[in-house]
1. Considering only residues that are in contact (Cβ under 8 Å) with a residue 12 or more places away in the chain, part of a strand (DSSP E or B) and farther than 18 Å from Leu232 by Cβ, which ones fall in the stretch 36-52?
2. Any residue at all in the stretch 19-40 that is surrounded by fewer than 16 Cβ atoms within 10 Å (Cβ to Cβ), farther than 24 Å from Phe246 by Cβ and among the polar types (S, T, N, Q)?
3. Could you check the stretch 70-102 and list, in sequence order, the residues that are free of Cβ contacts under 8 Å to residues at least 60 places away in the same chain, β-branched (Val, Ile, Thr) and outside any helix (DSSP H, G or I)?
4. In this structure, does Glu405 turn out to be farther than 18 Å from Gly357 by Cβ and either in contact (Cβ under 8 Å) with a residue 12 or more places away in the chain or among the basic types (Lys, Arg) (or both)?
5. Quick test of your reading of the structure: Ile363 fulfils all but one of (1) under 24 Å from Ile112 (Cα atoms); (2) touching a helix residue (DSSP H, G or I) at 6+ places or on another chain (Cβ under 7 Å); (3) aliphatic (A, V, I, L, M). Name the failing condition by number.
6. Identify, by number, the condition in (1) outside any strand (DSSP E or B); (2) closer than 19 Å to Glu129 by Cα that Gly32 doesn't meet.
7. Please go through the stretch 334-363 and pick out each residue that is among the hydroxyl-bearing types (Ser, Thr, Tyr), surrounded by 15 or more Cβ atoms within 10 Å (Cβ to Cβ) and in a strand (DSSP E or B).
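The values are calculated or read from the model by the stated rules, or taken from the named source; none is laboratory data. These figures come from a predicted structure and were not determined experimentally. For neighbour counting, all protein chains shown are included, and Cβ atoms are generated from backbone atoms with ideal geometry for every residue, glycine included.
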Amino acid sequence: MPLLVLRPLTPARKAEEGFDLRLEWLVLEDGGAVRGEGTTDYHGLGDLADPNQAWLSVSGNVLVLVPNQHVLEVSASVPGRSAAQIRRALPYAVEEFIATDIDRMHVASGPIKAGSPVPCQLIERNLLEGWLECLRSVGVQPGFFVADAHLLPVEGNAATVLIDDETVLLRTEGQAATLDRANLLLALQSLTIDQVRLINGELTDIEAAQLEGVGIEVEQPGGSSMEVLARLWSGRTDINLLQGEFKPPRVRSASSRGWGVAAALACVWALVAWGAMLAEAWWADSRADVLDEEARGLYVRLFPGENPRNVRRALSAKLGSTVAADGRGLVALSNDIASVLPSSARLRSLEFTGDRGELKTEIVLQGFAELERLEQQLAERGVQAELQNSLQEDQGVRAYFLIRENR
């Protein structure tokens, strides 16, 4: 089926007749031909989203390229035994990288593997919600929201650059940026790279001469930057911003729907047998809603003027801030050690004692040199960390730290 590629140029703000929005669009046919492209507004998007085109309601056929300047890319190391535990802790781990309330941000993550840093992208929640509401109001169901610079291929110690008139998309391993064409040379000189791949443009002779020891490769595929990015799309990405509550609805094929009906008929007897348990679950859920409303009412009375999205998280933050200015408890102490823990290290155990404000950790490092660097980094952060013992083993050095709150 065709692919509709959209790139919003402005936030989607509600207006008297729909939304106020400007965006770029392109439709790529199955065979690779471009059916059409251009720049339009909300009303033009409505004309583009012909209700007779059923493929537009299939999320996998709609790709939204988010301008890279709206996306903050960070990497966080979070202790946890499972991907679910790490994913729940991610908002706390990345909160230190932003200046606003974490509840105002949507956090999307890449592949999660215990013991390895997790790549994350953050975007303002209101911005993402506005774009989604606008697109869905005209019958367009996007399946992917991807930072545009992240479609540029990159490997090894190289940089890929897409030149679009006076704007440049730049990507290297682990980072991406949008910058003015006039600043391209300065950006490349600040990177430690040995290869530059230029798409839809080239460096001047003066610029090239100032990149000593850097190989320069030029590609001129032709077409707009939207066409280049659309052709680079492979149908998958490391980080799709549509995660969690923004995850697109699953599309079920006709055969899967048939199997679903058969399974539903086969399970009728189970539904009847479990009727009493469902009624009990409904009562428990209703009671939970009542308690949640009571908790929200109590919070509003304690802190007038505030209406948090998550009462439990907001109350935890309030309780933490009453102990000390820099935040206390297991989350804060875990963040102290996780923020400086090298990727090669293995965190074997955590033991937290709340009344004494102490966190005991068991860490396996590659050697004593790595242990000394870890102690130095903890000291530089002002963390009260005491090395209680260290043992040389076949797999490295096992170290036992005691981390205390600054009371």
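1. Matches in the stretch 36-52: Gly38, Thr39, Thr40, Asp41.
2. For the stretch 19-40, residues surrounded by fewer than 16 Cβ atoms within 10 Å (Cβ to Cβ), farther than 24 Å from Phe246 by Cβ and among the polar types (S, T, N, Q): present.
3. Val74, Ile98, Thr100
4. Numbers: farther than 18 Å from Gly357 by Cβ: no; either in contact (Cβ under 8 Å) with a residue 12 or more places away in the chain or among the basic types (Lys, Arg) (or both): yes.
Answer is no for this residue.
5. Only one criterion in (1) under 24 Å from Ile112 (Cα atoms); (2) touching a helix residue (DSSP H, G or I) at 6+ places or on another chain (Cβ under 7 Å); (3) aliphatic (A, V, I, L, M) is unmet by Ile363, namely (2).
6. Here Gly32 meets the rest and fails (2).
7. Of all residues in the stretch 334-363, those among the hydroxyl-bearing types (Ser, Thr, Tyr) come to 334, 339, 343-344, 349, 353, 361.
Remaining after also requiring surrounded by 15 or more Cβ atoms within 10 Å (Cβ to Cβ): 334, 339, 361.
Matches in the stretch 334-363: Thr361 only.
Residues checked against (1) within 23 Å of Pro142 (Cα to Cα); (2) at pLDDT 85 or above; (3) loosely packed, with under 11 Cβ neighbours inside 10 Å:
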{"site": "Asn240", "(1), (2), (3)": "yes, yes, no"}
{"site": "Glu245", "(1), (2), (3)": "yes, yes, yes"}
{"site": "Ala254", "(1), (2), (3)": "yes, no, yes"}
{"site": "Ala264", "(1), (2), (3)": "no, no, yes"}
{"site": "Ala270", "(1), (2), (3)": "no, no, yes"}
{"site": "Trp274", "(1), (2), (3)": "no, no, no"}
{"site": "Ala279", "(1), (2), (3)": "no, no, yes"}
{"site": "Val300", "(1), (2), (3)": "no, no, no"}
